[in-house]
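Notes follow once the structure below has been shown.
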Amino acid sequence: DFAGGVRNENALIRQYRSTAMFPEVDQAIEDIVNESLVMDLDRKPLKLDLEKTELSDNIKNKVYNEFNTLLRMLEFHNKGGDIFRRWYVDSKIYYHIIIDNDNPQKGIAELRAIDPVKIKKIRKVHKEQRRLSNTTVPFVKKVEEFYVFTDTTKDSPYQTPTSGIKIAPDSICYVHSGMYDATRRRVFGFLQKAIKPLNQLRM
C-alpha cells in the first residue's frame, strides 16, 4: 500500500497537493504543464476541430463561437496553466455552470470553479421487492443522482445528502484526469506513482 493508507478521495487529493509542494515534484509538474500548453500572443492555446464531423456549417459555426465564449469566461489565455495544473494535481476539476434564471436563452453566464474536496456526487438507488416464482428479488425502481456541496474543512467519508447543498447534475461540469484503479470505481491521479519515490527520496 504505497498510497499511505488513504481513507477516501478527499484525503487522496490532500496527499497529492502535499506531494506537489516538494521542489522536485513541483519542477516535474511545471515541465508537464509547459509542454502541454503553448501560450502565445498571436494564437490560441486550445482549438476545436470539427472537420471530421457530419455537422452542417451553420452548426459548426455556432459550436466554434460557444467554444470561444467558454475560453473567454475561463480567461484561459491567462489562467490556462493554473487550470491545467489544478486538474493535473487534484486528478479532477469541477465547475458550477451558472445561468440567468430570468433569461435562460442567454446561455451560460458564468463558470465558477469548485474545490474538489468540497463537492461529492451522490447516487441513491431506490429498490423495491418483487416476488419472482418462489423467491423475492430486489428490482431497481429509480436511480437519483445529484451533487452535494459542503463548505467545511472536516474530512468525513460519511457524507450524507443532508450534510450540504444539493445541486442538480446538469449544473456541474466534472472532468477527471489520472487513472482508474483495478475496480474502476476510483480515479487515481498521475501523482499516485510519485508518492513511493518521493517517500524514498525524503528518507
Only helical DSSP H runs with n ≥ 4 go in: add -39500 (n - 2.57) per run for the chain, normalise by residue count and round the 222 nm mean residue ellipticity to 500 deg cm²/dmol. -11000 deg cm²/dmol
Cβ-derived FRET efficiency at R0 22 Å, residue 118 paired with residue 142, nearest 0.05: 0.20
Might you tell me the accessible area per residue for the range 41-87, computed with a 1.4 Å probe and given in Å²? 81
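Under the rule that an exposed site lies in a DSSP loop and has at most 13 other Cβ atoms within 10 Å, name the longest stretch of the chain with no GluC sites (Glu not before Pro) of that kind, not counting the sites themselves.
76-203
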Set of lysines with alpha-carbon distance to residue 118 below 16 Å, sequence-local pairs under 8 removed: 92, 154, 166
Check each of the chymotrypsin sites (Phe, Trp or Tyr not before Pro) in the range 1-81 and keep only those in coil by DSSP with at most 14 other C-beta atoms within 10 angstrom; list them in order. 2
Solvent-accessible ranking of 39, 203, largest area first, probe 1.4 Å: 203, 39
Which one of 56, 169, 190 has its Cα pushed farthest toward the positive end of the charge dipole of the chain, where Lys and Arg give +1 and Asp and Glu give -1 at the Cβ? 169
Tell me the label-point distance for the pair residue 151, residue 56, using the 7 Å Cα-to-Cβ offset, in nm and rounded to one decimal. 4.5
The range 49-168: Kirkwood hydrodynamic radius (Cα pairs, Å) comes out at 18.5
Using θ = phi - 60° and the Karplus relation 6.51 cos²θ - 1.76 cosθ + 1.60, list the HN-Hα couplings for the range 184-189 in order, rounded to whole Hz, with x at every Gly or Pro. 6, 10, 9, 9, 9, x
For the range 1-106 the translational diffusion coefficient, Stokes-Einstein from a Kirkwood Rh over Cα pairs at 37 °C and viscosity 0.692 mPa s, in µm²/s, is roughly 192
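Roughly how many percent of the accessible protein surface of the range 45-203 is carbon and sulfur, given a 1.4 Å probe and a whole-percent answer?
That share works out to 51 percent.
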Cross-link partners among aspartates and glutamates for residue 121, C-alpha distance below 13 Å, same-chain residues fewer than 8 apart left out? 9, 144, 145, 170
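What is the Rg over Rh value, at two decimals, for the chain, using alpha-carbon atoms and the Kirkwood definition of Rh?
Value, to two decimals: 1.04.
The values are calculated or read from the model by the stated rules, or taken from the named source; none is laboratory data. Not measured: the values here are computed from a predicted model. We place every Cβ from the backbone using ideal geometry, glycine too, and count neighbours over all the protein chains shown. Ligands, DNA and RNA are stripped out before the accessible areas are found, and what is left, the full protein with its side chains, is counted by its heavy atoms. Shrake-Rupley method; radii C 1.70, N 1.55, O 1.52, S 1.80 Å.
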